[in-house]
Each structure stands twice: as C-alpha cells, then as structure tokens.
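Data first, discussion second: the structure below is written as structure tokens.
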Amino acid sequence: MARPTPSPQDVVITKKIVDAGDTFDIEVLDHMVIAAARFVSMRERGLGWST
C-alpha cells in the first residue's frame, strides 16, 4: 500500500505557498499528502510552517 510521506519538495513548496499567503493576508490551512486511502497533514507535522 502506498505511504503518504511528504517529500523534501513538498516541504519547500508548502513553505513558499504559506509565505505567499502571508504576503496577501491569506491563511493557508493545511497541505495534505494523499496516497491510496491514507493522508498526512503537513501542518500537524509542522512541515512548511514557521514555529
């Protein structure tokens, strides 16, 4: 079964999207990586969001 593991490229693009959202005062709620019937919330893992 496929595993929904965020790649380094996923983290980079998420950070860019979050930063762009901040520029325009748009909150990015999450970035989900989906594989088969499973998913990973990148926000829950803190990937791409500043702490």
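Regarding Ala20, is this residue modelled with pLDDT of 95 or more and either out of contact with any Pro (no Cβ under 7 Å at 6 or more places or on another chain) or surrounded by 12 or more Cβ atoms within 10 Å (Cβ to Cβ) (or both)?
Details: modelled with pLDDT of 95 or more: yes; either out of contact with any Pro (no Cβ under 7 Å at 6 or more places or on another chain) or surrounded by 12 or more Cβ atoms within 10 Å (Cβ to Cβ) (or both): yes.
When the stated conditions are applied, Ala20 passes them.
Which of the residues spanning region 8-51 are of a type in the set (Ser, Thr, Tyr) and in a strand (DSSP E or B)?
Ser41, the sole residue that qualifies.
The values are calculated or read from the model by the stated rules, or taken from the named source; none is laboratory data. Model, not experiment: these values are computed from the prediction. So basically every Cβ, Gly included, is an ideal-geometry build from the backbone, and we count neighbours across all protein chains shown.
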